[in-house]
Amino acid sequence: MSIQAGASPYAGGPGEDIDSAWHDLMSSISLRATPSELSHNGNHKESVELPEGGGNLVWLGVFHQLHCLKMIRQMNYRGSYYPNSTQAEKIDMEVHINHCIEMLRQAVMCTPDTSFTTFVWTHSDPKPVLDVRRFERKCVDWDAFMEPITPRVVSYEEVDELRNPYFNSTNL
């Protein structure tokens, strides 16, 4: 599969089609992991337990990265996505975006893309210009990647029903 810039349903300003594409892409963000899988996952050996069907709540790194891209995109259009945010919410979003930028920097540096990006001469710029017409990536088959993941998806509704045991009902 090749992806070319400009042909993406995820790029551009706020709009129903783009927002729907991002919603669909992110609908598989929360997954169910077994205790055995957690025990073999580096430093992350604990996670919130899921009451329905057992297991633990996790995100795969790829979905965390996509979540961060979505957040950065929305902050680029914050007037549309967060028009009435309070000062405290703006500070929280700034902290969140800084986390996302750092997490994405690590992801890019841990798995560097070494494909060439080329330049062209144009009639409107005296300097070389990035050739976005030929900007392609060879990707995994996303549907094949998602096939074993889909049965493990934890719905937004199930995540919303989780209650922090450290809070009582008056703290919610």
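The values are calculated or read from the model by the stated rules, or taken from the named source; none is laboratory data. Quick caveat: nothing in here was measured; it's all calculated off a predicted structure. Cβ: placed from backbone, ideal geometry, glycine included. Neighbour counts: every protein chain shown.
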(request) State all residues of segment 135-160 that are surrounded by 11 or more Cβ atoms within 10 Å (Cβ to Cβ) and either without any contact (Cβ under 8 Å) to a residue 24 or more places away in the chain or part of a loop (DSSP other than H, G, I, E, B) (or both); if no residue qualifies, say none. (result) 135, 145, 149, 154, 155
(message) Could you check segment 75-87 and list, in sequence order, the residues that are touching a residue at least 40 places away in the same chain (Cβ under 8 Å) and closer than 14 Å to residue 10 by Cα?
(response) 77
(message) Against the condition within 23 Å of residue 150 (Cα to Cα) and among the aliphatic types (A, V, I, L, M), how does residue 104 come out, does it pass?
(response) no
(message) Out of 79, 55, I need the residue that is more than 18 Å from the chain's Cα centre (by Cα), surrounded by fewer than 16 Cβ atoms within 10 Å (Cβ to Cβ), more than 18 Å from residue 146 (Cα to Cα) and not aromatic (Phe, Trp, Tyr). Which one?
(response) 79
(message) Can you tell me which condition residue 32 does not meet? The list is (1) charged (D, E, K, R); (2) out of contact with any strand residue (DSSP E or B) (no Cβ under 8 Å at 6 or more places or on another chain); (3) closer than 21 Å to residue 151 by Cβ, and all the others hold.
(response) (2)
(message) Considering only residues that are assigned to a loop (DSSP other than H, G, I, E, B), closer than 15 Å to residue 159 by Cα and of a type outside the set (A, V, I, L, M), which ones fall in segment 34-70?
(response) 47, 51, 52, 53, 54, 55, 59
(request) Pull up segment 17-33, narrow it to residues that are touching a helix residue (DSSP H, G or I) at 6+ places or on another chain (Cβ under 7 Å) and part of a helix (DSSP H, G or I), then point me to the one that is surrounded by the fewest Cβ atoms within 10 Å (Cβ to Cβ). (result) 26
(message) Can you go through 93, 103 and tell me which one is surrounded by 14 or more Cβ atoms within 10 Å (Cβ to Cβ), over 28 Å from residue 32 (Cβ atoms) and at pLDDT 95 or above?
(response) 93
(message) When you check residue 71 against the structure, is it surrounded by 12 or more Cβ atoms within 10 Å (Cβ to Cβ), under 24 Å from residue 108 (Cα atoms) and either of a type in the set (S, T, N, Q) or under 12 Å from the mean Cα position of the chain (by Cα) (or both), yes or no?
(response) yes
(message) Looking at segment 99-125, I want the residues that are in a loop (DSSP other than H, G, I, E, B) and have a partner that is surrounded by 10 or more Cβ atoms within 10 Å (Cβ to Cβ) with Cβ atoms under 7 Å, at least 6 apart or on another chain. Which pairs are those?
(response) 117/130; 117/135; 118/131; 118/134; 121/128; 122/129
(request) Return the pairs, sorted by first residue and then second, in which the second residue is part of a helix (DSSP H, G or I) and among the polar types (S, T, N, Q), the first residue lies in segment 14-36 and is touching a residue at least 60 places away in the same chain (Cβ under 8 Å), the beta carbons are less than 6 Å apart, and the residues are 6+ apart or on different chains. (result) 14/80
(request) Output the qualifying pairs, or none if there are none: Cβ atoms under 7 angstrom, residues six or more apart or on different chains, first residue in segment 54-70 and touching a residue at least 40 places away in the same chain (Cβ under 8 Å), second residue part of a helix (DSSP H, G or I) and buried (at least 17 other Cβ atoms within 10 Å of the Cβ). (result) 66/25; 70/22
